[in-house]
Amino acid sequence: MPRVISITGQKGGIGKTTSTIHIASRLADMGFKTCIIDFDTTQSNVTRSVIGPIWESDEKVRGICDVMANGGSLDEVFYETDRENLYIIPSEKKDSRGANYNIEALLNQLGLEGFNLLKELIDESQKIGECHFVLIDNAPSLGITTVSSLLAADYFLIPVQTSDLSMESIGDTITAGLKVKKLQNPYLEPLGFFISSMDKRPKMAKKAIHELTDLSEQTGIHFFETIIPISSKFAFLPRERKTIFDVTKTSERGHKEYLGLVDEVLERIKMIETHESQSATTRSPGKEA
Ligand SMILES: Nc1ncnc2c1ncn2[C@@H]1O[C@H](COP(=O)(O)OP(=O)(O)O)[C@@H](O)[C@H]1O
Ligand SMILES: [Mg+2]
């Protein structure tokens, strides 16, 4: 069974999509079979950045929206990518008649079943079952799609952009995750929050680190040591369907930090799981290291 990590955040532009792609790509490069689920179904930015805008192609490529709306298995929309070990369940944005999908409304209509649909689909997928990691990219909201992603996840990870530091929104995201853990998904663990794009102004950087350290102390949620710097290279990557690992040397800004972030993510998971096994908490069956 894979470890399912939901990349969450109430706001847009905080680095959810960029970090989903980079963490997943690095895990794949390390030899872990990794699948990205594009669950920001209105923007479909992960899909656009990894395999291109499938909704613009003549032949209709199915994705997660069609499976949710019309039935089927995620195995039918589990695609290879150009990167070895990296797979994607894309969001196709538009239905066969060219109308935009509204997955939020669809899940709301289904009520309780809607909240659990993503989890059920993941649990039933044989291909996902063969992965080591699943990373879910989410919409910039704490609505039903993000909640259902938290219900399906083992971990949630929160990116923070320091140029638009909103402690309230980070706090709300933490609260939402912990509420889902308490009420519905006891296996959900917060991995923590990390700076996905550090302001270059020293004063702002200092302030951000100070405020985030305080938040970590108040909430008990881990603040990652690795800080991703701002790099103009990130802006061009989606169009070229590349990652920072493909276009820069290991020592360059952003590249080495994303390598470090993934090491830290793996360390955190190991630490949490060791602690859990010592305190004899049973995880979902088959989650062996
Ligand atoms: N470290 C970084 N340096 C510079 N730009 C970045 C960095 N990380 C992300 N970005 C850019 O910030 C914008 C928002 O990031 P994105 O991952 O799409 O956020 P979200 O998915 O939360 O909306 C994108 O244009 C992306 O290229
Ligand atoms: Mg996004």
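The values are calculated or read from the model by the stated rules, or taken from the named source; none is laboratory data. What you see is a predicted model; the values in this text were computed from it and never measured. Here the Cβ is made from the backbone with ideal geometry for all residues, glycine too, and neighbour counts use every protein chain on show.
Just a yes or no: is a residue in segment 143-163 modelled with pLDDT under 95 and part of a helix (DSSP H, G or I)?
Checking segment 143-163: at least one residue is modelled with pLDDT under 95 and part of a helix (DSSP H, G or I).
Can you say whether L157 is of a type in the set (A, V, I, L, M, F, W, C), within 16 Å of ligand 2 (Cβ to nearest atom) and touching an Asp or Glu at 6+ places or on another chain (Cβ under 7 Å), as far as the supplied structure shows? Before the answer, list the steps.
On the way: of a type in the set (A, V, I, L, M, F, W, C): yes; within 16 Å of ligand 2 (Cβ to nearest atom): yes; touching an Asp or Glu at 6+ places or on another chain (Cβ under 7 Å): no.
The answer is no for L157.
Which ones in segment 122-147 are among the small types (G, A, S), closer than 18 Å to A176 by Cα and free of Cβ contacts under 8 Å to residues at least 60 places away in the same chain?
G143
Give the residue that is farthest from ligand 2 (Cβ to nearest atom), with candidates limited to residues of segment 1-20 that are among the aliphatic types (A, V, I, L, M) and under 8 Å from the mean Cα position of the chain (by Cα).
So the residue we want is I5.
Hey, could you check segment 241-254 for residues that are buried (at least 17 other Cβ atoms within 10 Å of the Cβ) and within 11 Å of ligand 1 (Cβ to nearest atom) and say which is nearest to I51 (Cα to Cα)?
Checking each candidate, the answer is I244.
Where residues in segment 168-187 are touching a Leu at 6+ places or on another chain (Cβ under 6 Å) and of a type in the set (A, V, I, L, M), which of them is farthest from H22 (Cα to Cα)?
Looking at residues that are touching a Leu at 6+ places or on another chain (Cβ under 6 Å) and of a type in the set (A, V, I, L, M), I get V180.
Quick check on my filter: what residues within segment 78-121 are in contact (Cβ under 8 Å) with a residue 24 or more places away in the chain, assigned to a helix (DSSP H, G or I) and over 16 Å from D40 (Cα atoms)?
Of everything in segment 78-121, those that are in contact (Cβ under 8 Å) with a residue 24 or more places away in the chain, assigned to a helix (DSSP H, G or I) and over 16 Å from D40 (Cα atoms) turn out to be N116, L121.
I'm trying to understand the selection: among the residues of segment 193-240, which are surrounded by fewer than 11 Cβ atoms within 10 Å (Cβ to Cβ) and within 16 Å of ligand 2 (Cβ to nearest atom)?
A235, R239
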